[in-house]
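> Can you keep this structure in mind? I'll have questions shortly.
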Amino acid sequence: MSVSPPPLPLRIRLRAALKNLLFIGLLAGGIGYGILRLWEPEPTPSVRIPKDDVLAVAENIDAKFADNWAEKNLTPIGRADDLTVMRRIGLALTGSVPSLEEIRHFEKQKQDKKIEWWTNRLFDDRRTSAYLAERFARTYVGVEVGPFIIYRRYRMVSWLNDQFFENRPYDQLVRDLIAAKGIWTTHPEANFLTVTVKQNDDKKNLPDPVKLAARTYRAFLGIRIDCMQCHDDMFGDRWKQKDFHQLAAFFSQSKLGMNGIQEDPKQGYQVRYRGKTKAVPVKPVVPFRPDLLPKNGGLRERLAKWVTNKENEAFSRATVNRVWALLFNQPLVDPVDNIPLEGPYPPGLEILATDFSEHQYDLQRLIRIIVQTRVFQMASASPHPETNPVTELHEKSWAAFPTTRLRPEQVAGSIIQSADLSPIDADSHIIKRVQRWFQTGGFVKRFGDLGEDEFGQQAGTLTQRLLLMNGELIKSRTKENPFMNASTRIGSLTKDHGKAVETAYLTVLTRRPGEEERAQFTDLLNEKHGGDRSRAMQDIYWTLLNSTEFSWNH
Amino acid sequence: MLDHSTLPPTVSVQESVPSLASVSPPEQKKKHRLRRVWRGFWSLVDWLMGAAVLIVGLAILAVIPVLNFLSLGYLIEVSGRIARTGKMRAGFIGIRKASAVGSLVAGTWLVLLPVRLVSGMWKDAELIDQGSPTAKGWYIFLIMITVLAAIHIAWAAIRGGRLRHFLWPAPIQFFRWMGQDGKFTQVRNSVLNYIKALGLPYYLWLGFRGFVGAVIWLAVPVLILFGGAQIASTPLAAIVNLIGAGFLMIAVSYLPFMQAHFANEGQFRALFQVKKVRDVFRRAPIAFWLSLFATLLFALPLYILKIELPPQDLAWIPSVVFVVFIFPARLLVGWAFSRGLRREKKGHWIFRYASRFAMAPIVGAYAFIVWLTQYLTFNGTWSLLEQHAFLVPAPMLGL
């Protein structure tokens with residue numbers, strides 16, 4: 001007869017239960033975390049339904065362009081395929097082609113939601129804000145190293161990155177830049193002023209009002225009157241020398257003190273105008289719409305409010321033109337920073353500028369509208385070249401998408417991205433990100449940076465072509481490497497030659513091969529196994545990366 | 001990782017030692033010596049690995065919100081233990097335990113490498129041709145290798161979690177162990193006992209109190225300096241900054257020793273017993289001067305690394321520099337404090353006053369550099385709040 005042991009006291013049983021719970025919790029947590037790390041779930045980007053008014057504005061712009069084409073008796077080329085539009089957006093917002101993984105997700109979306117899904121996905125991605133920050137920084141502070149210690153470009157770009165990621169209203173951001181005060185590290189926007197400080201000159205480390213006036217005119221008002229620094233406008237009577245210097249006078253009280261950029265009301269601004277013998281004091285006066293200038297506040301604060309005033313249309317137009325240029329790699333009004341104050345304006349500019357100012361200067365909304373327009377989704381090549389060939393007039397009138405060379409960092413970014421089937425983003429392994437950073441920097445240095453001249457179209461050089469054909473970057477990203485390179489992985493993970501060729505095309509050119517292309521490269525893979533097949537895949541990759549199509553935005 | 005004493009007898013790993021009876025006396029002596037040398041060598045390797053793991057572990061903890069109190073608590077305890085025992089080696093706390101954790105982490109990482117590779121291959125195969133036989137094959141392989149890796153990691157951890165346990169699965173031993181009763185309780189107890197032995201709540205509480213105390217000490221000077229940075233007028237800002245720097249000089253002359261005294265006493269009020277610390281200083285003035293010099297000097301390299309910020313997931317790398325430099329500084333502070341505690345007589349007045357005078361330029365230079373950092377470091381004026389010589393690399397970031 002068995003005797004059951006007496007039950008344990010409740011306290012001991014509770015303690016044991018607690019111990020078990022703790023242990024199981026630790027174990028489950030550890031295993032769960034491990035599994036999550038290993039089995040990365042598919043990204044689920046936030047999908048926002050496009051607001052009707054975004055599409056309505058895009059349709060309004062389309063109508064304006066349609067009228068313009070009708071006037072010029074132009075037949076628009078027709079819509080580009082979805083993947084081409086996807087590639088354009090990827091290049092404009094992240095500086096690289098989309099990855100195969102992103103293409104697969106894109107293709108799963110409903111037809112009418114694809115573009116919206118892709119833009120939303122990219123707005124949620126730090127790559128976009130980082131890329132936009134660098135592009136806009138070139139406008140604000142150029143690419144120069146700048147004065148020692150008091151100028152921190154990377155700090156400013158990092159700040160801009162945060163502003164764009166949070167989609168801060170653009171007028172607020174610009175006000176911060178123009179009216180910045182404080183130390184350049186604590187207040188990164190102050191670098192807009194400190195970059196102009198000439199150290200060790202007779203101006204006692206003062207920010208340069210002339211440089212600041214030129215930047216303010218060009219970057220925020222879309223007016224290029226740098227020449228008016230020395231003389232009146234020689235090609236018209238709209239701009240006088242005093243227009244330039246009276247705006248420069250708004251920066252004349254800025255100084256560099258113990259606590260960074262400050263205002264000193266005692267400081268003045270004097271200029272010796274052309275043809276005069278004596279320098280005269282210059283009062284701060286805005287070149288147009290003086291009624292919008294606030295009466296009170298510091299000089300730069302007043303200027304900042306005037307520039308970003310809702311009724312100051314030049315500010316909205318300048319921003320729209322710049323964002324348009326970022327998306328098309330070509331501005332609506334060329335040059336990007338020379339927009340006539342009184343018009344005439346190309347179709348769409350006024351609609352976009354008004355919408356931008358009426359919607360709290362929302363940059364993301366502006367980009368959403370532009371990418372939804374028929375103009376942005378237009379093909380660059382005609383499907384019927386015999387009856388409707390693409391002419392220069394087509395491109396100038398936006399009846400065909402203008403083909404432009406990729407920027408150096410876009411070429412580098414696209415080469416590096418096409419060597420990976422998943423996106424190289426903030427979630428990628430740190431080694432991949434560091435490698436991308438070094439490889440992009442090295443490539444751009446050799447390829448030649450465009451510098452501050454963002455949209456100046458330059459012809460390709462022999463050195464650039466050689467760099468693409470024999471350079472280290474393409475060599476290292478196409479050679480046999482099952483860990484790092486997509487060409488090797490594609491070769492080893494599918495025995496279907498057609499599938500391998502198609503994957504290579506999608507990853508490098510963001511499109512599927514045509515029948516002829518498929519047949520040609522499939523032949524190359526036929527009868528090849530193991531190392532020979534891998535080498536053939538390398539050749540295909542190398543060929544695609546060196547194709548003209550790869551190096552162009554089309 | 002686990003405590004061998006809590007494991008069942010069949011699981012404990014026995015060293016393979018030849019029978020002593022079969023070896024003659026001179027040979028026996030030689031064998032003994034060789035074995036000692038061999039063991040000593042591995043003990044040294046184990047210790048060095050533990051030290052490296054400890055440094056990296058403290059560095060990682062230092063950048064994680066709330067857990068950074070653990071890191072600070074450990075560093076304060078280092079000074080306290082030396083002050084209490086008078087032995088420098090007492091400051092190397094938990095090196096062997098850290099080595100065990102390091103082995104476990106390194107082993108797990110090694111075992112997971114092939115799993116990660118297979119996971120990547122499966123994902124890419126799916127991307128290339130979704131649902132293809134190749135993708136399915138990789139998927140099945142991934143499940144198999146994940147299960148095997150999980151079992152292997154668990155079994156290696158149960159056996160002790162040393163690197164050798166990850167390299168050889170010991171299958172016979174595994175099946176024997178599987179047949180035993182009470183496995184769950186044994187494993188559970190050994191894991192929980194190990195965690196308990198780490199004394200995490202103790203270090204967390206110590207770090208938190210040490211942090212609060214340091215903040216009280218530094219609040220006035222740092223806030224004055226911070227306020228000075230907001231003043232537009234240069235002359236006024238200069239005066240305010242000078243006042244702030246003066247207060248900072250006083251605070252940093254005392255704070256390292258107040259923290260050591262606090263760790264020694266274990267009571268929060270010890271952080272403010274200035275008279276007691278001054279008394280200890282009088283007994284070892286040169287040692288105090290030396291340790292203060294080291295503490296402030298070793299705080300400087302991290303300021304250089306704060307000029308640009310690394311990506312978030314690499315934030316622990318500057319933190320390693322912080323631990324590498326601050327750890328010896330804490331050892332020295334503990335050593336100086338223990339000297340003061342153990343001496344009965346005051347130092348000669350010449351040494352006392354010479355040390356006091358010699359402190360002035362050091363703390364003055366330190367206050368100047370701290371003030372200067374707002375112009376150089378990535379976070380500007382906010383970096384004034386990151387007094388890593390007495391706190392953790394970025395206390396505000398951590399909170």
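> Within the set of pairs 6+ apart or on separate chains, which have a first residue in region B:210-238 that is within 11 Å of chain A (Cβ to nearest Cβ), a second that is surrounded by 15 or more Cβ atoms within 10 Å (Cβ to Cβ) and not in a helix (DSSP H, G or I), and C-beta atoms under 6 Å apart?
The qualifying pairs are B:Ala229/A:Asn259; B:Ala232/A:Gln262; B:Thr234/A:Gly257; B:Thr234/A:Met258; B:Ala237/A:Met258; B:Ala237/A:Asn259; B:Ala237/B:Ile231.
> Anything in region B:194-225 that is among the charged types (D, E, K, R) and under 25 Å from B:Met249 (Cα atoms)? List them, or say none.
Taking region B:194-225 as the starting set, the residues that turn out to be among the charged types (D, E, K, R) are B:196, B:209.
The answer is B:Arg209, and nothing else.
> Now for a different question. Quickly run through region A:231-260 and pick out the residues that are free of Cβ contacts under 8 Å to residues at least 40 places away in the same chain and farther than 19 Å from A:Leu341 by Cβ. Even if it seems obvious, please write down each step before you answer.
Narrowing region A:231-260 to residues free of Cβ contacts under 8 Å to residues at least 40 places away in the same chain: A:233-237, A:240-241, A:244-245, A:248, A:257-258.
Across region A:231-260, the qualifying residues are A:Gly257, A:Met258.
> With the structure loaded, tell me whether A:Ala214 is in the same structural domain as A:Arg302 (by TED's automatic domain parsing), small (Gly, Ala, Ser), touching a helix residue (DSSP H, G or I) at 6+ places or on another chain (Cβ under 8 Å) and not in a helix (DSSP H, G or I) or whether it fails that test.
Details: in the same structural domain as A:Arg302 (by TED's automatic domain parsing): yes; small (Gly, Ala, Ser): yes; touching a helix residue (DSSP H, G or I) at 6+ places or on another chain (Cβ under 8 Å): yes; not in a helix (DSSP H, G or I): no.
In short, no.
> Take region A:466-501 and flag every residue that is in contact with a helix residue (DSSP H, G or I) (Cβ under 6 Å, 6 or more places away or on another chain), within 12 Å of chain B (Cβ to nearest Cβ) and free of Cβ contacts under 8 Å to residues at least 12 places away in the same chain.
Of everything in region A:466-501, those that are in contact with a helix residue (DSSP H, G or I) (Cβ under 6 Å, 6 or more places away or on another chain), within 12 Å of chain B (Cβ to nearest Cβ) and free of Cβ contacts under 8 Å to residues at least 12 places away in the same chain turn out to be A:Pro482, A:Leu493, A:Thr494.
> Does A:Phe164 meet the test of being touching a residue at least 40 places away in the same chain (Cβ under 8 Å), more than 24 Å from A:Arg365 (Cα to Cα), away from chain B (no Cβ under 12 Å) and in a helix (DSSP H, G or I)? First the steps, then the outcome.
Values: touching a residue at least 40 places away in the same chain (Cβ under 8 Å): yes; more than 24 Å from A:Arg365 (Cα to Cα): no; away from chain B (no Cβ under 12 Å): yes; in a helix (DSSP H, G or I): yes.
No, not satisfied.
> Okay, moving on. Go through region B:67-89 and give me each residue that's surrounded by fewer than 18 Cβ atoms within 10 Å (Cβ to Cβ) and within 15 Å of the chain's Cα centre (by Cα).
B:Leu67
> Mind checking which pairs have a first residue in region B:114-125 that is in the same structural domain as B:Trp138 (by TED's automatic domain parsing) and a second that is small (Gly, Ala, Ser) and surrounded by 19 or more Cβ atoms within 10 Å (Cβ to Cβ), Cβ under 7 Å, 6 or more apart or different chains?
Pairs that qualify, where the first residue is in the same structural domain as B:Trp138 (by TED's automatic domain parsing) and the partner is small (Gly, Ala, Ser) and surrounded by 19 or more Cβ atoms within 10 Å (Cβ to Cβ), are B:Val115/B:Ala149; B:Trp122/B:Ala135; B:Ala125/B:Ala135.
> Quick test of your reading of the structure: B:Val187 fulfils all but one of (1) at pLDDT below 90; (2) away from every other protein chain (no Cβ under 13 Å). Name the failing condition by number.
(2)
> Does region B:100-116 contain at least one residue that is farther than 17 Å from B:Arg164 by Cα and aromatic (Phe, Trp, Tyr)?
Among the residues of region B:100-116, not one is farther than 17 Å from B:Arg164 by Cα and aromatic (Phe, Trp, Tyr), which makes the answer no.
> Further question on the same structure: Only one of B:Arg176, B:Arg188 is in contact (Cβ under 8 Å) with a residue 12 or more places away in the chain and of a type outside the set (S, T, N, Q); which?
Testing whether each residue is in contact (Cβ under 8 Å) with a residue 12 or more places away in the chain and of a type outside the set (S, T, N, Q) leaves just B:Arg176.
> Of the residues that sit in region A:246-284 and are assigned to a loop (DSSP other than H, G, I, E, B) and within 14 Å of chain B (Cβ to nearest Cβ), which one is surrounded by the most Cβ atoms within 10 Å (Cβ to Cβ)?
We begin by selecting, within region A:246-284, every residue assigned to a loop (DSSP other than H, G, I, E, B); these are A:252-253, A:258-259, A:264-269, A:272-279, A:282-284.
Right, trim to within 14 Å of chain B (Cβ to nearest Cβ) and you get A:253, A:258-259, A:264-267.
Values: A:Gln253: 20, A:Met258: 19, A:Asn259: 25, A:Asp264: 15, A:Pro265: 8, A:Lys266: 7, A:Gln267: 13.
Step by step, filter region A:246-284, then rank; the result is A:Asn259.
> Sticking with this one: Pick from A:Leu493, A:Leu466: which is out of contact with any Gly (no Cβ under 6 Å at 6 or more places or on another chain) and surrounded by 13 or more Cβ atoms within 10 Å (Cβ to Cβ)? Before the answer, list the steps.
Working: A:Leu466 fails: surrounded by 13 or more Cβ atoms within 10 Å (Cβ to Cβ).
It is A:Leu493.
> Looking at (1) more than 10 Å from chain A (Cβ to nearest Cβ); (2) surrounded by 20 or more Cβ atoms within 10 Å (Cβ to Cβ); (3) out of contact with any Pro (no Cβ under 9 Å at 6 or more places or on another chain), which one does B:Trp109 not meet, given that it meets all the others?
(2)
> If you check B:Gly120, B:Gly94, which single one turns out to be crowded, with 16+ Cβ neighbours inside 10 Å and away from every other protein chain (no Cβ under 13 Å)? Before you say what the answer is, go through the steps one by one.
Values: B:Gly120 fails: away from every other protein chain (no Cβ under 13 Å).
None of the other options fit; the residue is B:Gly94.
> A further question on this structure: Checking the conditions here, which among A:Ala486, A:Ala459 is at pLDDT below 90, among the hydrophobic types (A, V, I, L, M, F, W, C) and within 30 Å of the chain's Cα centre (by Cα)? Show your work before the answer.
On the way: A:Ala486 fails: at pLDDT below 90.
Unique residue meeting the criteria: A:Ala459.
> Can you report the number of residues in region B:329-382 which are away from chain A (no Cβ under 14 Å) and polar (S, T, N, Q)?
2
> How do the helices (runs of 4 or more DSSP H) wholly within region B:234-344 filter down when requiring 3 or more residues that are within 30 Å of A:Met156 (Cβ to Cβ) and out of contact with any Cys (no Cβ under 6 Å at 6 or more places or on another chain): which remain? Quick ask: steps written out before the conclusion?
Values: elements: B:234-265, B:274-283, B:285-305, B:316-342.
Once the helices (runs of 4 or more DSSP H) in region B:234-344 are filtered for at least 3 residues that are within 30 Å of A:Met156 (Cβ to Cβ) and out of contact with any Cys (no Cβ under 6 Å at 6 or more places or on another chain), what remains is B:234-265, B:285-305, B:316-342.
> Among the residues of region B:147-166, are any in a helix (DSSP H, G or I), at the interface with another protein chain (Cβ under 10 Å from one of its Cβ atoms) and either within 28 Å of A:Asn485 (Cβ to Cβ) or more than 36 Å from the chain's Cα centre (by Cα) (or both)?
yes
> Which condition breaks for A:Glu301 when tested against (1) charged (D, E, K, R); (2) modelled with pLDDT of 95 or more; (3) in a loop (DSSP other than H, G, I, E, B)?
(3)
> Another question, then. Just to be sure I understand the filter: pairs with C-beta atoms under 9 Å, separated by 6 or more residues or on different chains, first member in region A:426-438 and more than 10 Å from every other protein chain (Cβ to nearest Cβ), second member in a loop (DSSP other than H, G, I, E, B) and of a type in the set (A, V, I, L, M, F, W, C). Which pairs pass?
A:Lys432/A:Ile424; A:Lys432/A:Met484; A:Gln435/A:Ile424; A:Gln435/A:Met484; A:Arg436/A:Ile424
The values are calculated or read from the model by the stated rules, or taken from the named source; none is laboratory data. Please read all numbers here as calculations on a predicted model, not as lab measurements. We place every Cβ from the backbone using ideal geometry, glycine too, and count neighbours over all the protein chains shown.
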